[in-house]
Amino acid sequence: MQIQTTTITLSTATGPMRCLQIIPQASGKSFGAVLFYSEIFQITAPISRAAAMLAGQGFIVLVPEVFHELNPAGTVLGYDDVGKDKGNQDKWTKPLASHDSDTVAMLAYLQTLAEFNGKTTSYGVCIGGHLAFRAALNPALTAACCLYATDLHSDTLPAAPGDQTLARAGDIKGELMLIWGKQDPHIPAEGRLKIYQQLSASGCNFSWHELNAQHAFMRDEGERYDPALALWVYQQARQLFCQ
């Protein structure tokens with residue numbers, strides 16, 4: 001499908017949040033929505049292209065600036081040591097509860113769109129994989145595709161007691177798809193095992209995929225990119241979101 005891309009600003013509990021919005025162009029049709037959570041670098045060119053790929057499959061896609069409280073609107077961090085250090089500082093600063101209120105703001109906004117059919121899912125990479133999982137705690141979401149989700153196993157993001165994301169997995173009512181790279185040093189085998197065991201114990205409805213890939217294999221810049229696996233992921237995500 002052809003798509004239309006715009007930038008919008010939503011009001012959240014912690015201030016204005018800029019989002020990339022992409023809507024398929026098909027007269028008279030309505031679409032489900034995907035909340036797309038980015039890496040720590042926010043809405044980079046690879047993230048924008050990935051969001052366009054999803055939207056072209058027939059979804060409204062909203063990509064929030066995940067650390068909008070901590071940076072001027074429009075901030076995009078570089079894929080370098082400076083950007084990585086700033087992005088990691090941001091993720092260790094913003095409480096998980098503030099990500100929850102961002103999700104609530106996007107859900108409320110979707111209700112105002114004539115093109116929205118009422119079904120919402122989530123998708124994310126890296127810290128965004130964690131946030132896509134986190135978003136699924138909201139009962140409005142029917143499914144989440146979480147790619148190499150960082151910090152789930154380590155409980156290192158700021159949260160109130162008892163509010164770490166993995167500990168609340170049992171609250172998720174929708175379907176989860178978790179995709180990992182076996183060669184990813186950020187989520188080692190023991191970390192993945194901890195997540196798998198917690199999901200199983202919580203009775204979650206989930207699928208689990210471990211691929212021969214490195215961290216950020218979806219990012220279409222840099223030597224870790226695996227285009228064949230990326231295509232497979234988009235196909236799996238589309239199937240999940242269309243159920």
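Coordinate-derived values only; no laboratory data. All of these numbers come straight from a predicted model, not from anything done at the bench. No Cβ is skipped: glycine too gets one built from the backbone with ideal geometry, and neighbour counts run over all protein chains shown.
What nm distance separates the two modelled labels at ALA228 and THR75, each placed 7 Å from Cα along Cα→Cβ?
4.0
Between ASP163 and GLN4, 0.36 nm times their residue separation minus their Cα-Cα distance comes to what?
This chain segment gains 53.5 nm when fully extended.
Principal axes first, then extents: for the Cα atoms of segment 3-241, list largest minus smallest coordinate on each axis, whole Å, largest first.
48, 39, 36
Where in the chain are the helices, taken as whole DSSP H runs, whose Cα atoms extend 18 angstrom or more along the long axis and whose Kyte-Doolittle mean reaches at least 0.5?
Passing helices, by number: 96-110.
For segment 12-107, what does the relative contact order come out to in percent, with C-alpha contacts under 8 Å and a separation of six or more?
Reported relative contact order: 38 percent.
Roughly how many Å is it from the Cα centre of segment 1-77 to that of segment 154-230, as a whole number?
Measuring centre to centre over Cα atoms gives 22 Å.
So which chymotrypsin sites (Phe, Trp or Tyr not before Pro) in segment 74-162 are both in a DSSP loop and have at most 13 other Cβ atoms within 10 Å of their Cβ?
Answer in residue order: TRP92.
For segment 121-230, what does the equivalent ellipsoid look like in terms of its semi-axes, each the square root of 5 times an eigenvalue of the Cα gyration tensor, given largest first in whole Å?
Over the Cα atoms of segment 121-230, the semi-axes work out to 22, 15, 13 Å.
Once you have the Cα-Cα distance between THR93 and GLN111, take 0.36 nm times their residue separation minus that, and quote the gain in nm to one decimal.
Gain on extension, THR93 to GLN111, equals 3.5 nm.
Quick check: pseudo-label points 7 Å beyond the Cα along Cα→Cβ at SER11 and GLU221, how many nm apart are they?
That separation, rounded to one decimal, is 3.5 nm.
If you place +1 on the Cβ of every Lys and Arg, -1 on the Cβ of every Asp and Glu, and leave all else neutral, what size is the dipole of the chain about its Cα centre, to the nearest 20 Debye?
My answer is approximately 520 debye.
Taking LYS91 as the anchor, which aspartates and glutamates have their alpha carbon closer than 20 Å to its alpha carbon, excluding any fewer than eight residues away along the same chain?
Here the aspartates and glutamates satisfying the reach criterion relative to LYS91 are GLU39, GLU65, GLU69, ASP80, ASP81, ASP100, ASP102, ASP151, ASP155, ASP163, ASP184.
Relative contact order, percent, of segment 124-200 when contacts are C-alpha pairs under 8 Å separated by at least 6 residues?
This gives 33 percent for segment 124-200.
Local charge sum around GLN214 (other residues, Cβ-Cβ under 15 Å, Lys/Arg +1, Asp/Glu -1)?
Net local charge, GLN214 excluded: -3.
Taking every eigenvalue of the Cα gyration tensor of segment 119-175, multiplying by 5 and rooting it, what semi-axes result, largest first, whole Å?
That gives 18, 14, 8 Å for the three semi-axes.
If you take every DSSP beta bridge whose two residues both sit in segment 3-241, what share of them, in percent to the nearest 5, is antiparallel?
That works out to approximately 35 percent antiparallel.
Pull up the cross-link candidates among the lysines for LYS86, meaning alpha carbon to alpha carbon under 18 Å and not fewer than 8 places away within one chain.
The qualifying lysines are LYS94.
Give me the lysines in straight-line cross-link reach of LYS182: C-alpha distance below 17 Å, same-chain residues under 8 apart excluded.
The reachable lysines, counting only those whose Cα sits under 17 Å from LYS182, are LYS194.
Cα-based Rg (one decimal) and Dmax (whole number) for segment 3-99, in Å?
In order Rg, Dmax, the Cα atoms of segment 3-99 give 14.1, 47 Å.
Please compute the contact order of the chain in relative form: average sequence separation of alpha-carbon pairs under 8 Å and at least six residues apart, divided by the residue count, as a percent.
This gives 17 percent for the chain.
Tell me what the chain gives for mean residue ellipticity at 222 nm when only DSSP H runs of n ≥ 4 count, each as -39,500 (n - 2.57), the sum divided by the residue total, rounded to 500 deg cm²/dmol.
Taking each H run of at least 4 residues, the total per residue is -9500 deg cm²/dmol.
If R0 is 30 Å, what FRET efficiency do you get for ASN205 and ALA52 from their C-beta distance, rounded to 0.05?
Efficiency, rounded to the nearest 0.05: 0.55.
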